[in-house]
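Peer 1: Got a structure for you, questions after.
The values are calculated or read from the model by the stated rules, or taken from the named source; none is laboratory data. Note that the coordinates shown come from a computational prediction; the quantities given were computed from them, not determined experimentally. As a convention, Cβ positions derive from the backbone with ideal geometry for all residues, glycine included, and neighbour counts pool all protein chains shown. All accessible areas refer to the heavy atoms of the entire protein, side chains included, with ligands and DNA or RNA removed. Shrake-Rupley method; radii C 1.70, N 1.55, O 1.52, S 1.80 Å.
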Amino acid sequence: MTTIMDRANALLIEFEQNANSLEKVTPDTVEELRIHWLGKKGIVTKLFEDMRHVPNEEKRDAGKSMNVLKTSIEASLDVLKSKAADFVFHSILNRAPLDITLPSQKDTLKGALHPITLMQQKLLKEFRQHGFTVYDGPETDFDFYNFTALNLPADHPARDMQDTFHLKTNQDIMVLRTQTSNIQIHAMLQEKPPLRIVAPGRVYRVDSDQTHTPIFHQIEGLVVDKKISFADLKGMIQSMLHSVYGATAKTRFRPSYFPFVEPGAEVDMQCTHCQGKGCKICKNTGWLEIGGCGMVHPNVFEAVSYDSEEYTGFAFGFGLDRMAMLNWQLPDLRQLFEGDAGFQSQFSVFAEGAPC
Ligand code: PHE
């Protein structure tokens, strides 16, 4: 009668034959082999179950030879597993190489600069040519810079024109700036006149509908010198708009009120969507408001200790989003903020002028 020991020895030989006859040593074939031999219903497991029938005096030796069988199979499986890992590694290496320098497939989306970035760079290029310096300022700012120094003391009714996000602080009142005009104050406190700056940036107001978003973009301009007049302001704005929209672009100035300028005006551009005929975008008026402007109010000069007898200046603030909308005839302002890749891919990868 064959003993468990004999069977164990015979099985070890059988396992080795089995292992040697594998056609391919892959993670799958090795796993199959493991299950066949060591799995829950595997050959070795069954043999262990048969131990019950072995007479007590033989149990010790039978157990020993079974453990030898099991550990030998485990060791062989380990060797096979690492061979299988090599197989996977080499098959990856042998795949057709990926050439990342090849042009992308036809229908894949290309990256592009955001229309607001494109518009900003277009404008900055124009202003640089007129000798303007590009300035930057904080988006979270003290009430002083966003309002008080701009001739908007606390309780001034015009503060309500700009619904403001207030920040919780233990110190002075802070806000998310409602306009890039805060940069006028920062710049004038840092520089002595004459001054010629332009400052693009993000601004915030509690406002949201089809033509308003709580975050939007403005570009501020400030020129301070001796004998600056409203004619300089009009000339500068007109030349800027012509350079962006072409010589046929029509603009108009409407008297308006901003506490930090006197006189003040709103600038409208003829709607490029309908050429002034009237459409949904311009609410049938033929015109679209793109910003405000005016001559710097003497109280603003006072707040930054500029001599308002000696110097005059003009300031303007335009909506970059509005200007982009007009330039590319976009029907909905919100498209600019949705991050839709298909929309975005229609724009240029190249900016006009130097990056900033
Ligand atoms: N800051 C004003 C606004 O956001 C625009 C403006 C800037 C008006 C400079 C006059 C001068 O509405």
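Peer 1: Residues 76, 72, 82: which one is part of a helix (DSSP H, G or I), without any contact (Cβ under 8 Å) to a residue 40 or more places away in the chain and surrounded by 10 or more Cβ atoms within 10 Å (Cβ to Cβ)?
Peer 2: Values: 76 fails: without any contact (Cβ under 8 Å) to a residue 40 or more places away in the chain; 72 fails: without any contact (Cβ under 8 Å) to a residue 40 or more places away in the chain.
From the options 76, 72, 82, the qualifying one is 82.
Peer 1: While we're on this one: Quick test for you: out of 51, 66, 119, pick the one residue that is within 44 Å of the chain's Cα centre (by Cα) and open to solvent by less than 50 Å² (accessible area, probe 1.4 Å). Explain how you work it out, then say what you get.
Peer 2: On the way: 51 fails: within 44 Å of the chain's Cα centre (by Cα); 66 fails: within 44 Å of the chain's Cα centre (by Cα).
Exactly one residue qualifies, and that residue is 119.
Peer 1: Right, something else. Restricting to the stretch 279-316, name every residue that is farther than 16 Å from residue 212 by Cα, near the ligand (Cβ under 10 Å from one of its atoms) and not hydrophobic (A, V, I, L, M, F, W, C).
Peer 2: Hits for the stretch 279-316 are 292, 294, 297.
Peer 1: Same structure again: Would you check if residue 264 is near the ligand (Cβ under 10 Å from one of its atoms), at positive phi and not β-branched (Val, Ile, Thr)? Talk me through it step by step, then tell me what you get.
Peer 2: Working: near the ligand (Cβ under 10 Å from one of its atoms): yes; at positive phi: no; not β-branched (Val, Ile, Thr): yes.
When the stated conditions are applied, residue 264 does not pass them.
Peer 1: Name, by its number, the condition in (1) farther than 22 Å from residue 215 by Cα; (2) among the aliphatic types (A, V, I, L, M); (3) assigned to a strand (DSSP E or B) that does not hold for residue 349.
Peer 2: (3)
Peer 1: Something else now. How many residues does the stretch 204-228 contain that are touching a residue at least 60 places away in the same chain (Cβ under 8 Å) and within 12 Å of the ligand (Cβ to nearest atom)? Write out each step before concluding.
Peer 2: Within the stretch 204-228, the first condition is being touching a residue at least 60 places away in the same chain (Cβ under 8 Å), and the residues that meet it are 204, 210-213, 215-228.
With the extra rule that they be within 12 Å of the ligand (Cβ to nearest atom), the set shrinks to 204, 216-223.
Final tally of qualifying residues: 9.
Peer 1: Another question, if that's okay. Can you find a residue in the stretch 159-176 that is in a helix (DSSP H, G or I) and aliphatic (A, V, I, L, M)?
Peer 2: Scanning the stretch 159-176 turns up at least one residue that is in a helix (DSSP H, G or I) and aliphatic (A, V, I, L, M).
Peer 1: Moving on. Hey, residue 188 hits all of (1) open to solvent by 30 Å² or more (accessible area, probe 1.4 Å); (2) part of a helix (DSSP H, G or I) but one; which does it fall short on?
Peer 2: Evaluating residue 188 over (1) open to solvent by 30 Å² or more (accessible area, probe 1.4 Å); (2) part of a helix (DSSP H, G or I) leaves (1) as the failure.
Peer 1: Would you mind telling me which numbered condition in (1) touching a residue at least 12 places away in the same chain (Cβ under 8 Å); (2) out of contact with any helix residue (DSSP H, G or I) (no Cβ under 6 Å at 6 or more places or on another chain); (3) surrounded by 12 or more Cβ atoms within 10 Å (Cβ to Cβ) residue 110 fails?
Peer 2: Of everything listed in (1) touching a residue at least 12 places away in the same chain (Cβ under 8 Å); (2) out of contact with any helix residue (DSSP H, G or I) (no Cβ under 6 Å at 6 or more places or on another chain); (3) surrounded by 12 or more Cβ atoms within 10 Å (Cβ to Cβ), residue 110 misses just condition (3).
Peer 1: Follow-up. Condition test on residue 151, is it more than 10 Å from the ligand (Cβ to nearest atom), within 19 Å of residue 316 (Cα to Cα) and either in the same structural domain as residue 196 (by TED's automatic domain parsing) or acidic (Asp, Glu) (or both)? Give the derivation first.
Peer 2: Numbers: more than 10 Å from the ligand (Cβ to nearest atom): yes; within 19 Å of residue 316 (Cα to Cα): yes; either in the same structural domain as residue 196 (by TED's automatic domain parsing) or acidic (Asp, Glu) (or both): yes.
Here the answer is yes, as residue 151 does meet what is asked.
Peer 1: Quick one: how many residues across the stretch 239-251 are within 16 Å of the ligand (Cβ to nearest atom) and open to solvent by 10 Å² or more (accessible area, probe 1.4 Å)? Break it down into steps so the answer makes sense when it comes.
Peer 2: Going residue by residue through the stretch 239-251, those that are within 16 Å of the ligand (Cβ to nearest atom) are 240-241, 251.
If we keep only those that are open to solvent by 10 Å² or more (accessible area, probe 1.4 Å) too, we end up with 251.
So the count comes out to 1.
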